[in-house]
Amino acid sequence: MAEKPTLREDQQLLDLEPLGQIGSEASASGGQLTRRTFLSGLGAAGLVASAGPLSAAAAPMGQAEGAAGAHTVLTVNGEQHDLGMLDTRVTLLDALRERLYLTGTKKGCDHGQCGACTVHVDGRRVNSCLTLAVMVSGKEITTIEGLGVPGRLHPMQAAFVEHDGYQCGYCTSGQIMSAVALLKEPVGPSDHDVKEGMAGNICRCGAYPNIVAAFQQVRNHSTMNG
Amino acid sequence: MATQTTPPSQSNVIGRSVARIDGPLKTTGTAQYAADFHFPNMAHAVPVQSTIASGRIEKLDAAAAQSMPGVLLVLHHGNMDKLYRVVPNDFSATTSEARPPFEDRTIYYWGQYVAVVVAETLEQATAAAAAVKVEYSQTPAKLSTNLGDYAGKRPSVSQRGDAEKAFAAAPIKVDQTYVTPAETHNPIEMHATVAAWEGDSVTLYETSQGVVNHRYAMAQVLGIPRENVTVVTRFLGSGFGGKLFPWPHSALAAVASRRLQRPVKLSVNRTMMFSNVGHRPLCEQRFQLGATTDGKLLSLRQDYINHTSLIDDIDEGCGEATTYLYSVPSLTVTRALAQRNVGTPSPMRGPGAVPGLFAMESAMDELAVALNMDPVELRLRNDATKDESNGQPFSSRHLKECIETGAAKFGWKQRTPAVGSMRRDGRVLGWGMAAASWGAYRFPCAATVALEVDGRVTVRCATQDVGTGTYTIFAQVLQEKTGLPFERIGVHLGDTSMPEGPMSGGSWATASVLPAVSSAADSVVKTLLQVANSTAGSPFAGVDPAKLQLTAGRVHQAGEPAETGVPFEKLIAMARLSRISADGNTTAIFEDPKAKGLSLHSFGAQFVEVEWEPQIARLRVSRVVTVIDGGRIINPKAAANQIKGAVVMGVGMGLLEQTVYDPRTGQPINGNMADYLMATCPDTPEIDVTFLDYPDLAMGEYGARGIGEIGLAGVAPAIASAVYHATGVRVRTLPVRIEDLLQSRIREA
Ligand code: FES
Ligand code: FES
């Protein structure tokens, strides 16, 4: 007999919760990001990590997956996850999504062509689908879940809400992770420069103009105040 | 004045730009899409694809795959559960491919699923899928991209006057053939199904633009009662038409899950996205325009043909916008289908109209050149005052104003007509334009609105938000009707256990849901006021409900300020109720007496600037002005985003997109996102969107027509027109290629 399928606790919550306006930074501050909200947004990463919303207990991981295994410990959003002897074929993307249930990071192509899977490894943006999980054992990985949560958005997340920097939302995690990393890269001031910097993240809904506007707002506020 | 009079509308939230209510979920990775669902003990399925385009499976050896670590099951034609077809032309239960997976051993197209491997992990299933050995006998595949040699029947689509005679007699003629290539929808979210059985009922977590249809169709395919199928799509990573109807992988996941008695996830990969889940078919269209020397159309003939699969006859419908856009006394439209060994086509954003308008508006541009007339002037001269295909008046048509407004915003007056005559910053400029149109539809919808004892108002409807902002539109109506802030409004969509709503397709979701939500909200308020009147202890006990009203969440006497009233949840609690709920319904537009005898369409105009650098043969779309007559716009912020996104897609259609089938194998040879080019961030032009915002009251009280497709219509022909203006090269086969541009005689900027 099959086990009765059940949702994870947080999924059940979401499934029962209707969509409502979850107090966003964007509406609260009218998009006027102060240095304080900017910093508190960044601070959210720590909070989420310690809240540790997901447990890996149910994952079919570790023993005898049929290929070479390697002991893999991933540090994601500040929290360590021991994945045991992990199948070395597992990409960072699939480790996040299918083993740690951090499904905020999306798979759009699995070939490094779309950017939907962008995460930070030691502060730099990478395509997690082109990264084997074993390669980043011991490195600092940040995913969209580590950036901010509803009600306590990172300034880039808030700016995406304010500027409608998405439609379907599927490329959005990758766009935001890319944009946050781009803030620290040497990118010129014009919209054109930003477009080039974001060229690796495809949005089939075509929300590009609003994505660029969101990026520019965050950058201008953070340099102005900091 | 603190007093408020009875407002039909509590706020001006309808028609106001609001941030999407699901924004915080989408920006934090919290929104759950189909492939994000996980269950304990879930197994992973990976399909095996055919490596030939035409033939038969002679032998399928799954032994090696079966014995690989973690493998639980290999399904194929030889051991598949019985699956059924759906009733043909039953529009409430439609599948994309008529043939259920593994029905026979015949191969109809490259990539067709021939087996599916299920294993404990995705990696194990992927490895084992590669180990399934299949031997085929091949038959010659029909893969020619030339549809011009078609010799079969050409059934009539529309007919008036005598187009042949009028064309022969016309002093000015255009007679050209236009080709639009196969295109792939390529939403960033790949299709996926997570299937989980409980007894003899199944829940399918789906990437669906129509959960209700998906339920009806899958019940038929699986041969189980409809009530045993639940389909859930909480969030959808867009679809553009590709996710309207179930594809074979949904049945594969359901069967695998039933066999194993375990939840199964099947995620289509990007290669399969090009072969197994639809595409816009290759279309070839001959246009013959006859006109007077002063530019009045005398005749129009369109003969179109599109390719289809061997399994299904899918008519792209390129005549969609041809018959009513312009005034022309003689008109003939014919259609034809050419079977090819490709996967089944499916509607893609603006099906029919978008390729049809590429051809028609390109032909109009050529006519303007032949007449030595401004293309704007040519359109205005041929504006139609009624739908000449059926004699009906338009419910609301402002094409002329779209064109005039667009021309003014674009600065069209500065245009000099000669090819290559305009320059800026060392580049040649090309300015082009085209008209756009798309039908307006409204389909049945039911919705339940409830005032809850916890002070919230909720709505439930089994439609889904494809990404356009449907969640937020529901919330806007509830806010308008109750005066509650978004924080106290809950919207539940995307689950077939709720009242049945429309598909998200054809730009009709908004127009279809609005009347249902609005009428449900009105009845729920009415019941609330009756409860206020009849509940013992209520301050309004015995007060005529007609003298009461709900403002900002409070029930109060009409004419008194809202603050003198009582929060509605207090009254619900006094009456010892958990909630007061009511259902609302939308009727289909074709059953609505208000819309009877009217021709319902949206209109638009696209103005495009390209920059041409002849020295390095580089072309860029630099600026687009779009004016849309799409009825009333409910949320201008999301609407403008959608139109801009459609324009971006139009840049791809004009300059980049084409699915190329290998003529030897039938494999989409550029079946990945590096080789199938789509517009990226740097390809994005400056885009200026204007909505005329005339409510179309034939559509319902809000007058919304829907804007999902119209933004893409007309972009590609406007680009081709601008390309001609800059380079002198007339491109009649999309996309515009560098090879085409190298023919330009404009060698210097
Ligand atoms: S999924 Fe990694 S780049 Fe597309
Ligand atoms: S928001 Fe849909 S792909 Fe970017």
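Here are the numbers for the structure shown:
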read-out: Criterion: crowded, with 22+ Cβ neighbours inside 10 Å, more than 16 Å from ligand 2 (Cβ to nearest atom) and not hydrophobic (A, V, I, L, M, F, W, C) - qualifying residue of B:Glu97, B:Glu58; value: B:Glu97
read-out: Any chance B:Ile172 is over 25 Å from the mean Cα position of the chain (by Cα) and either within 14 Å of B:Ala35 (Cβ to Cβ) or more than 14 Å from every other protein chain (Cβ to nearest Cβ) (or both); value: yes
read-out: Any strands (runs of 3 or more DSSP E) falling wholly within the stretch A:98-182 and containing at least 1 residues that are over 11 Å from the mean Cα position of the chain (by Cα) and either within 16 Å of ligand 2 (Cβ to nearest atom) or basic (Lys, Arg) (or both); value: A:124-127
read-out: Meets criteria (touching a helix residue (DSSP H, G or I) at 6+ places or on another chain (Cβ under 7 Å) and surrounded by fewer than 24 Cβ atoms within 10 Å (Cβ to Cβ)) for B:Gly671; value: yes
read-out: Residue list for the stretch B:204-230, filter: outside any helix (DSSP H, G or I), away from chain A (no Cβ under 14 Å) and under 24 Å from the mean Cα position of the chain (by Cα); value: B:Glu206, B:Gly210
read-out: Selection status of B:Ala436, of a type in the set (Gly, Ala, Ser), more than 12 Å from chain A (Cβ to nearest Cβ) and buried (at least 24 other Cβ atoms within 10 Å of the Cβ); value: yes
read-out: The stretch A:75-93 - residue that is surrounded by fewer than 24 Cβ atoms within 10 Å (Cβ to Cβ) and within 10 Å of another protein chain (Cβ to nearest Cβ) and, of those, nearest to ligand 2 (Cβ to nearest atom); value: A:Thr91
read-out: Strands (runs of 3 or more DSSP E) completely within the stretch B:14-127 that count 2 or more residues being touching a residue at least 12 places away in the same chain (Cβ under 8 Å) and touching a Pro at 6+ places or on another chain (Cβ under 7 Å); value: B:113-119
read-out: Extreme residue, farthest from the other protein chains (Cβ to nearest Cβ), among residues of the stretch B:43-53 that are of a type outside the set (Val, Ile, Thr) and crowded, with 22+ Cβ neighbours inside 10 Å; value: B:Ala53
read-out: Qualifying residue in the stretch B:331-338 (condition: part of a loop (DSSP other than H, G, I, E, B) and out of contact with any Ser or Thr (no Cβ under 6 Å at 6 or more places or on another chain)); value: yes
read-out: Extreme residue, farthest from ligand 1 (Cβ to nearest atom), among residues of the stretch A:108-117 that are more than 7 Å from chain B (Cβ to nearest Cβ) and crowded, with 24+ Cβ neighbours inside 10 Å; value: A:Gly115
read-out: Criterion (farther than 19 Å from B:Gly671 by Cβ, more than 14 Å from chain A (Cβ to nearest Cβ), more than 16 Å from ligand 2 (Cβ to nearest atom) and touching a Phe, Trp or Tyr at 6+ places or on another chain (Cβ under 6 Å)) met by exactly one of B:Leu310, B:Leu289, B:Leu244; value: B:Leu310
read-out: Residue count, the stretch A:74-97 (criterion: in a strand (DSSP E or B) and either under 21 Å from B:Arg270 (Cβ atoms) or over 13 Å from the mean Cα position of the chain (by Cα) (or both)); value: 12
read-out: Check on B:Val134, in contact (Cβ under 8 Å) with a residue 40 or more places away in the chain, buried (at least 21 other Cβ atoms within 10 Å of the Cβ) and either assigned to a strand (DSSP E or B) or not small (Gly, Ala, Ser) (or both); value: no
read-out: Candidates A:Ala213, A:Ala199, filtered to the one that is surrounded by fewer than 21 Cβ atoms within 10 Å (Cβ to Cβ), within 16 Å of ligand 1 (Cβ to nearest atom) and either under 14 Å from the mean Cα position of the chain (by Cα) or farther than 30 Å from A:Ala68 by Cα (or both); value: A:Ala199
read-out: Matching option when the condition is touching a strand residue (DSSP E or B) at 6+ places or on another chain (Cβ under 9 Å), at pLDDT 95 or above and small (Gly, Ala, Ser), among B:Gly714, B:Gly706; value: B:Gly714
read-out: Test result for A:Gly123, touching a residue at least 24 places away in the same chain (Cβ under 8 Å), under 15 Å from A:Ala179 (Cβ atoms) and more than 16 Å from ligand 1 (Cβ to nearest atom); value: yes
read-out: Hits in the stretch B:639-673 (condition: of a type outside the set (A, V, I, L, M), farther than 18 Å from B:Thr733 by Cα and in a helix (DSSP H, G or I)); value: B:Asn641, B:Gln642, B:Lys644, B:Gly645
read-out: Residue selected from the stretch B:182-197 under the condition within 10 Å of another protein chain (Cβ to nearest Cβ) and in a strand (DSSP E or B), by the criterion nearest to ligand 1 (Cβ to nearest atom); value: B:Ala192
read-out: Criterion violated by B:Gly239 - all others in (1) within 25 Å of B:Val354 (Cα to Cα); (2) out of contact with any helix residue (DSSP H, G or I) (no Cβ under 8 Å at 6 or more places or on another chain); (3) away from chain A (no Cβ under 14 Å) satisfied; value: (3)
read-out: Some residue of the stretch A:206-217 being at the interface with another protein chain (Cβ under 10 Å from one of its Cβ atoms), in contact with a strand residue (DSSP E or B) (Cβ under 7 Å, 6 or more places away or on another chain) and assigned to a helix (DSSP H, G or I); value: yes
read-out: Any hit, the stretch A:145-158, residues being within 26 Å of B:Glu123 (Cβ to Cβ), modelled with pLDDT under 95 and not aromatic (Phe, Trp, Tyr); value: no
read-out: Residue ID - farthest from B:Asp696 (Cα to Cα), chosen from residues in the stretch B:382-404 that are of a type in the set (S, T, N, Q) and crowded, with 18+ Cβ neighbours inside 10 Å; value: B:Asn382
read-out: A:Asn201 being in contact with a His (Cβ under 7 Å, 6 or more places away or on another chain), within 16 Å of ligand 2 (Cβ to nearest atom) and either within 10 Å of chain B (Cβ to nearest Cβ) or among the polar types (S, T, N, Q) (or both); value: no
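Residues checked against (1) without any contact (Cβ under 8 Å) to a residue 24 or more places away in the chain; (2) more than 21 Å from B:Met364 (Cα to Cα); (3) away from every other protein chain (no Cβ under 14 Å):
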residue: B:Gly604; (1), (2), (3): no, no, yes
residue: B:Glu609; (1), (2), (3): no, no, yes
residue: B:Pro614; (1), (2), (3): no, yes, yes
residue: B:Gly645; (1), (2), (3): no, yes, no
residue: B:Gly652; (1), (2), (3): no, yes, no
residue: B:Pro663; (1), (2), (3): no, yes, yes
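The values are calculated or read from the model by the stated rules, or taken from the named source; none is laboratory data. What you are looking at is a predicted structure, and each value in this text was computed from that prediction instead of being measured. Cβ sites come from the backbone with ideal geometry, for glycine too, and all protein chains shown count toward neighbours.
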